[in-house]
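Following: one structure in structure tokens, then a few remarks.
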Amino acid sequence: MQIAQNVVASFDYVLTGADGEVIDKSEPGQPLPYLHGAGNIIPGLEAELEGKTVGDELTAVIEPKLAYGERNEQMVQQVPKAAFQGVEDLEVGMRFTAESNAGPVPVVITAVEGDTITVDGNHPLAGQTLTFQVKVTEVREASKEEIEHGHVHNGSCDH
Ligand code: ZN
């Protein structure tokens, strides 16, 4: 059976960034399951996995536009400290959820200069070319419920 629309596939992976450092990987014996064609994983990787089957191994190099997008400098903003009501000791690296016209956006503090706080709403992997080393470990038909929900159920559905 090959990976195609409405198929659940699981894979082991190692994700490395442009400079070769490991960003993320699956734990041994704990492959990542996803519903193919439902946008559960980044588009570039989904495209590379199309047609693959159990045991296939591949190295996929994914450009930013098919991964987490290009960086958008308009999502880097300076806000007054007063915007962080009730939060003391603001530090670089702290994460918040900001309200925007497009709904809540996760942001990270990238600079603290006096009363001016710089926040970045870009995805941490935006602008990066990503390399996935992947091994497909399981391919099966999705259930009707999984297709309706657009995601994988592993034994239970708790929503
Ligand atoms: Zn569900």
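Does the stretch 15-36 hold any residues that are at pLDDT 95 or above, part of a loop (DSSP other than H, G, I, E, B) and open to solvent by less than 40 Å² (accessible area, probe 1.4 Å), and which are they?
Within the stretch 15-36, Ser26, His36 qualify.
Hey, could you check the stretch 117-158 for residues that are among the hydrophobic types (A, V, I, L, M, F, W, C) and within 16 Å of the ligand (Cβ to nearest atom) and say which is surrounded by the fewest Cβ atoms within 10 Å (Cβ to Cβ)?
Start the filter on the stretch 117-158 by keeping residues that are among the hydrophobic types (A, V, I, L, M, F, W, C), which leaves 117, 119, 125-126, 130, 132, 134, 136, 139, 142, 147, 152, 157.
Add one more test, that the residue is within 16 Å of the ligand (Cβ to nearest atom), and what stays is 142, 147, 152, 157.
On the way: Ala142: 22, Ile147: 17, Val152: 19, Cys157: 12.
It comes out as Cys157.
Is there any pair with a first residue in the stretch 35-61 that is under 20 Å from Thr129 (Cα atoms) and a second that is assigned to a helix (DSSP H, G or I) and hydrophobic (A, V, I, L, M, F, W, C) whose Cβ atoms are under 6 Å apart and which are 6 or more apart or on different chains, and what are they?
Note: pairs meeting the criteria are Pro43/Leu66; Gly44/Leu66; Ala60/Leu45.
Using beta carbons and a limit of 7 Å, which pairs, at least six apart or on different chains, have the first residue in the stretch 10-34 and within 15 Å of Ala67 (Cα to Cα) and free of Cβ contacts under 8 Å to residues at least 60 places away in the same chain and the second one of a type outside the set (Gly, Ala, Ser) and open to solvent by less than 90 Å² (accessible area, probe 1.4 Å)?
The qualifying pairs are Asp24/Leu15.
Could you tell me which numbered condition Asp12 fails, if it satisfies all but one of (1) open to solvent by 60 Å² or more (accessible area, probe 1.4 Å); (2) farther than 13 Å from Ala142 by Cα?
(1)
The values are calculated or read from the model by the stated rules, or taken from the named source; none is laboratory data. If you're wondering where the values come from, they're calculated on a predicted model, not measured in any experiment. Glycine gets a Cβ as well: all are built from the backbone with ideal geometry, and neighbour counts include every protein chain shown. Each accessible area value is taken on the protein alone, full model and side chains, heavy atoms only, with ligands, DNA and RNA left out. Shrake-Rupley method; radii C 1.70, N 1.55, O 1.52, S 1.80 Å.
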